[in-house]
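The values are calculated or read from the model by the stated rules, or taken from the named source; none is laboratory data. The model shown is predicted, which means the values in this text are computed figures rather than measured ones. When we count neighbours, we look across all protein chains shown, and the Cβ atoms used for this are built from the backbone with ideal geometry, even at glycine. The area values use the complete protein model at the heavy-atom level, side chains included, leaving out ligands, DNA and RNA. Shrake-Rupley method; radii C 1.70, N 1.55, O 1.52, S 1.80 Å.
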Amino acid sequence: MLGWFGEPDISASVLESMAAEGPTLENAILLSHTASSFAVGASGLERTTAMVRANGLILALHGHPFWKSAGKRHVLISDVAALFLDAYKEQDVGALKALHGDYSLALVDPERRRLVLAVDRMSVRNIVYAVFDQSIAFGPTCDAISRHPAIRRSIDDQQIYSYLYFHVVPGPSTIFRGQHRVPSGHFIDFRDGSLDIRPHWPASFDENNGDGFPTLKHKFRGALEQAVLTAGAGERCGTFLSGGTDSSTIAGLLGLTGRGPTATFSIGFAEDAYDEMRYARIASRHFNTQQHEYYVTPDDVLEAVPRIVDSYDQPFGNASAIPTYYCAKLAKSCGIDRMLGGDGGDELFGGNSRYARQRQFARFEELPRPVRRGMLMMLRVLPSVADHATLLRKARNYVAQASLPMPDRGESYNLLLRLGPENVLTSEFLEGIDRDAPLRSLREVYAATTAKSLINRMLALDFKFTLADSDLPKVTRMCELAGVDVVFPMLDDDLIDFAARLAPDQKLHGTRLRHFFKEALKDFLPPETIAKEKHGFGLPVGVWFHRHSGLRAMAGDHLLSLRRRNIVRGTFIDRLLDEHLGVHPGYYGIMVWVLLMLELWFERKATN
């Protein structure tokens, strides 16, 4: 779904150029109106893309939207598009509140000289846009809109810094000046050259729900089963299976739909510390799935890296894209059309270990102020010998971190900050950088949420920075590269609404993660799955950079090119490869990967 609005000149070749390297345009509309001109094209599979014209309106819709009416879910995308247009006539943009699922949407209202762009609650689908000369171009990627002749690509150094901080470029910015993303759960209203951005779904939490556990469990299981049924409808469907709670739950529920044994797909590694195949096999045996497995090797990484870099329109440093790609590729080779992903469960129900860690720090905040002040003073005056006493050193570190407010405290573990930006980046590059911008963006999201509890405020952060900016683009792009569709049942709107109504201690009970989720499913999931710590498809990239000559050579060659760009200090690159990587490969390997992906993006994409 791509196009422009408000431009005086119309050319079909421009629309075709914008769609280059993507699916062939199935249909396109290029029209001139009395006061404006516009072009809209839609591409992709028929079941995930629709264009509808009715009552003078034009709607392009992409993804897996559904429309609820009279207790029924309408999932055929052409039906959903028609129902939305009918609702728009009556409710204007209020119709977006009734549109569910994952989607991107472009609505042209010629009589009102209006363009509406919208994305779903979590930005499973993406829209990039740029305003020029009272006009706007839009598309799914920076690559697409940059092919419009009026759009210029100018790299924003501030976003390079953000990439090194977050390992992705966080929205709504992009790596290019003047190109932006529609934020999660928002829409853009563009009229007469003026742009307005508003939420159609502001995330909110009800922290005082009084329902008892039996009632909540019944509602939860019903919503979960409906989400999996909708996601797996009408396709040759399989699931990612890491062996964790989310992927195992989806695999088990898909098997209850009467489709026969569920096709499950798992990734393993020869490195024991990273391999989770044992848990995937436990879940597969428990639910009698048709299990498929692939062990990713360093040579696989060498082969896949160029393709993966080319598939992203911006630098993308989430290394688990590699195993995700090979898992989706395995599914495609087995005849699967659609994969179900478990992403979102941790962020809805409280499953990340950092939630428990921050809860422990928050206990210090709950102490009376005089007690906190006294502990701080005591630790400050302790003799320096205390640094050599393990217990005292731990106490000092705990109090130092606990004294920081959130979300600043959570950034104590940020890799760039721990290494020191001035040690990693050149002084010339840092001169034009606002180093506080990444933390300021975290603070803004943290402060904007309606939640009062620590756990829900952290979840609100992760809706954006973990899901929308990193994990969902990782999975959607890798599935697209492999040639399969993907849906995320855990992000079904009914489940999002249900999780928002859970009490905070039902998500994080003391330091127990996903308390309600595990209790509600302990009669369904294997005990080993309930007890398993979260892992996922993590890649042993640091270990492989250290041990595998081909990967080490690739990293060395490209980081040598990167140092010539005067962004990263040459001395840091030398120490990173020659000293740090060998001592702590799991820790420093992340930075090697992030820098490698940056340089490869520069080489293959920056000037395209």
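Can you name the residue in the stretch 405-417 that is loosely packed, with under 15 Cβ neighbours inside 10 Å and more than 21 Å from Ile590 (Cα to Cα) and is also modelled with the highest pLDDT among such residues? The qualifying residue modelled with the highest pLDDT is Asp408. Of all the residues in the stretch 269-325, those that are open to solvent by 30 Å² or more (accessible area, probe 1.4 Å) and among the hydrophobic types (A, V, I, L, M, F, W, C) number 4. Evaluating Asp192 against the criteria (1) touching a Pro at 6+ places or on another chain (Cβ under 7 Å); (2) open to solvent by 50 Å² or more (accessible area, probe 1.4 Å) leaves one unmet condition, (1).
Can you tell me which residue is least open to solvent (accessible area, probe 1.4 Å) among those in the stretch 93-115 that are of a type in the set (D, E, K, R) and in contact with a Gly (Cβ under 7 Å, 6 or more places away or on another chain)?
Asp102
The set of residues in the stretch 233-248 being in contact (Cβ under 8 Å) with a residue 60 or more places away in the chain and surrounded by 19 or more Cβ atoms within 10 Å (Cβ to Cβ) consists of Cys237, Gly238, Thr239, Phe240, Ser242, Gly243, Gly244, Thr245, Asp246, Ser247, Ser248.
For Ala499, state whether it is over 22 Å from Cys237 (Cβ atoms) and touching a helix residue (DSSP H, G or I) at 6+ places or on another chain (Cβ under 9 Å). Walk me through how you get there before you give the answer.
Numbers: over 22 Å from Cys237 (Cβ atoms): yes; touching a helix residue (DSSP H, G or I) at 6+ places or on another chain (Cβ under 9 Å): yes.
Yes; evaluated as a whole, the condition is true for this residue.
Would you point out which residue out of Ala389, Ala395 is modelled with pLDDT under 70 and open to solvent by 20 Å² or more (accessible area, probe 1.4 Å)? Steps first, please.
Working: Ala395 fails: modelled with pLDDT under 70.
It is Ala389.
Considering Gly193, Gly244, the condition of being in contact with a Gly (Cβ under 9 Å, 6 or more places away or on another chain) and at positive phi is satisfied by Gly193 alone.
Restricting Leu439, Leu472 to those that are within 30 Å of His218 (Cβ to Cβ), among the hydrophobic types (A, V, I, L, M, F, W, C) and either touching a Pro at 6+ places or on another chain (Cβ under 9 Å) or at pLDDT 95 or above (or both) reduces the list to Leu472. Taken over the stretch 286-331, residues that are in a helix (DSSP H, G or I), touching a residue at least 60 places away in the same chain (Cβ under 8 Å) and either in contact with a His (Cβ under 7 Å, 6 or more places away or on another chain) or not polar (S, T, N, Q) (or both) amount to 20.
Would you pick out the residues in the stretch 116-131 that are of a type outside the set (Val, Ile, Thr) and open to solvent by less than 20 Å² (accessible area, probe 1.4 Å)? Show your work before the answer.
Pass one, the stretch 116-131, residues of a type outside the set (Val, Ile, Thr): 117-118, 120-123, 125-126, 129-130.
Listed by number, the residues that qualify are Leu117, Ala118, Asp120, Met122, Ser123, Tyr129, Ala130.
Among the residues of the stretch 575-608, those identified as of a type in the set (Asp, Glu) and either in contact (Cβ under 8 Å) with a residue 40 or more places away in the chain or closer than 16 Å to Val541 by Cβ (or both) are Glu599, Glu603.
Residues in the stretch 249-278 that are touching a residue at least 40 places away in the same chain (Cβ under 8 Å) and within 26 Å of His548 (Cβ to Cβ): Phe265, Ser266, Ile267, Phe269, Glu271, Ala273, Tyr274, Glu276.
Of all residues in the stretch 575-583, none satisfies being in a helix (DSSP H, G or I), at pLDDT 95 or above, open to solvent by 30 Å² or more (accessible area, probe 1.4 Å) and under 23 Å from Thr297 (Cβ atoms).
Go through the stretch 418-436 residue by residue and tally those that are open to solvent by 70 Å² or more (accessible area, probe 1.4 Å) and at pLDDT below 95.
Applying the first criterion (open to solvent by 70 Å² or more (accessible area, probe 1.4 Å)) to the stretch 418-436 yields 418, 422-423, 428, 431, 435-436.
Imposing the further condition that a residue be at pLDDT below 95 reduces the set to 418.
Of the residues in the stretch 418-436, 1 are open to solvent by 70 Å² or more (accessible area, probe 1.4 Å) and at pLDDT below 95.
Is it true that Phe545 is buried (at least 19 other Cβ atoms within 10 Å of the Cβ), touching a helix residue (DSSP H, G or I) at 6+ places or on another chain (Cβ under 6 Å) and more than 14 Å from Asn352 (Cα to Cα)? For Phe545, the condition - buried (at least 19 other Cβ atoms within 10 Å of the Cβ), touching a helix residue (DSSP H, G or I) at 6+ places or on another chain (Cβ under 6 Å) and more than 14 Å from Asn352 (Cα to Cα) - is met. Close contacts from the stretch 508-532, counting a first residue that is without any contact (Cβ under 8 Å) to a residue 40 or more places away in the chain and a second that is crowded, with 18+ Cβ neighbours inside 10 Å and among the charged types (D, E, K, R), with Cβ to Cβ under 6 Å and a gap of 6+ residues or different chains, come to none at all.
Annotation note: Cβ proximity below 9 Å between a residue of the stretch 96-121 that is farther than 22 Å from His180 by Cβ and a residue that is surrounded by fewer than 18 Cβ atoms within 10 Å (Cβ to Cβ) and among the β-branched types (Val, Ile, Thr) (sequence gap 6+ or interchain) occurs for Pro110/Thr34.
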